[in-house]
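Everything below concerns the one structure shown next.
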Amino acid sequence: MVVEMLSYGMLISGAVTFIVLISGFKATYGRYSQQSHLPVPFIPAKWAWFIQELPSLYIPLHYLINGISDLPFINVFILILFCSHYLNRALIYPLLIKGNTGTPAHIFLLAFLFCTFNGYMQAIWHSRNAVYIESLKDIVFCFIGTLTFIIGMMINITSDSILRNLRQDGKSGYKIPYGGLFKYVSGANFFGECVEWTGYALLTRTLPAFAFAFFTLCNLAPRAYQHHRWYQEKFDSYPKDRKAFIPFVI
C-alpha cells in the first residue's frame, strides 16, 4: 500500500514538474546557476552526486543481497539492472566529473530525497512481488525491455563522456557537443536516460517502474528543450538541423 501511494505520488509530481518546467522555470544550477537571486550554499559536484545518488544503489542492493536466495531469477535480474545504473551514477560518474562547479544545496537535498524514496520504492516492490514469466508475451516484453534499457544506458554513458570531454582543458565554459547522438539532438544524455527507464518499465511492467519512467520523462524532456534553446541563443553556429530531444522529431 505504501509503495503504491509513493508510486501515485511520483506520477502526480512528474506531471507537476513537467508543467512547471514547460512554463519556463529552470533549476538554478549548471548553466542556469547565475539566474538565482538567492544566496544559496553550494556543495562540490563530486560529493553531491555521490551522496544524492547513493540511496538508489544502497537500498536495492541491501534487499537484493539479503533476499537473493528467495527471489525469482527475473526479480534478481531487475534489481541488478537497476543497481547497475546507480553503480555508474553514484560511484563512477562523480569520479569522472571535471571542473569545480557545485550543486546548490536545495537541488542536492531534493535529489537525495528522490533517490531515497525511489530506491526504497523499487527495492520493496521488486523484492516482495514476483514478476511472472508465464507466456511468450512475457518473454517478448522482457527481451525488448532489457535491450531498450541497455541501449539507453549506453547512450547515456556515451553522451556523458562527450560532455565531459568538452572540458579537457579544465575550463568551466560551455561548448557545442558533437558526436554520438548529439549529432541529432541537444539532450542526448537526457534522451538516453529516458530510453533506459522506459526499457526498465517494459521489462518489469510494474507500477513503481512505470511511475519512475514517467517522472524521468517529465523531468528530462523539458530540460532537453531548455538546453536546446540555450545552445541556439548562445552559439550562432549551432547546427540548425539538430532537434531538442527525440532524433528527427522534436
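Kindly check whether there is at least one residue in segment 206-215 that is in contact (Cβ under 8 Å) with a residue 40 or more places away in the chain and either touching a Gly at 6+ places or on another chain (Cβ under 7 Å) or of a type in the set (Asp, Glu) (or both). Yes, segment 206-215 contains a residue that is in contact (Cβ under 8 Å) with a residue 40 or more places away in the chain and either touching a Gly at 6+ places or on another chain (Cβ under 7 Å) or of a type in the set (Asp, Glu) (or both).
Of the residues making up segment 102-132, those that are over 23 Å from Trp49 (Cα atoms) and of a type outside the set (S, T, N, Q) are Ile124, Trp125, His126, Arg128, Ala130, Val131, Tyr132.
Yes or no: segment 21-31 includes at least one residue that is among the charged types (D, E, K, R), surrounded by fewer than 17 Cβ atoms within 10 Å (Cβ to Cβ), over 27 Å from Tyr200 (Cα atoms) and modelled with pLDDT under 85. Within segment 21-31, one or more residues are among the charged types (D, E, K, R), surrounded by fewer than 17 Cβ atoms within 10 Å (Cβ to Cβ), over 27 Å from Tyr200 (Cα atoms) and modelled with pLDDT under 85.
For the condition at pLDDT 95 or above and either assigned to a helix (DSSP H, G or I) or of a type outside the set (Gly, Ala, Ser) (or both), Thr17 qualifies. Is it true that some residue in segment 237-247 is farther than 28 Å from Ala123 by Cα, assigned to a loop (DSSP other than H, G, I, E, B) and among the aromatic types (Phe, Trp, Tyr)? Yes - at least one qualifying residue is present in segment 237-247. Residues in segment 160-185 that are touching a Pro at 6+ places or on another chain (Cβ under 8 Å) and within 19 Å of Asn219 (Cβ to Cβ): Leu163, Leu181, Val185.
Of the residues in segment 182-201, at least one is of a type outside the set (A, V, I, L, M, F, W, C), in a helix (DSSP H, G or I) and surrounded by fewer than 19 Cβ atoms within 10 Å (Cβ to Cβ).
The values are calculated or read from the model by the stated rules, or taken from the named source; none is laboratory data. These numbers were taken from a predicted model, which means no experiment stands behind them. Every residue, glycine as well, gets a Cβ built from its backbone with ideal geometry; the counts of neighbours run over all protein chains shown.
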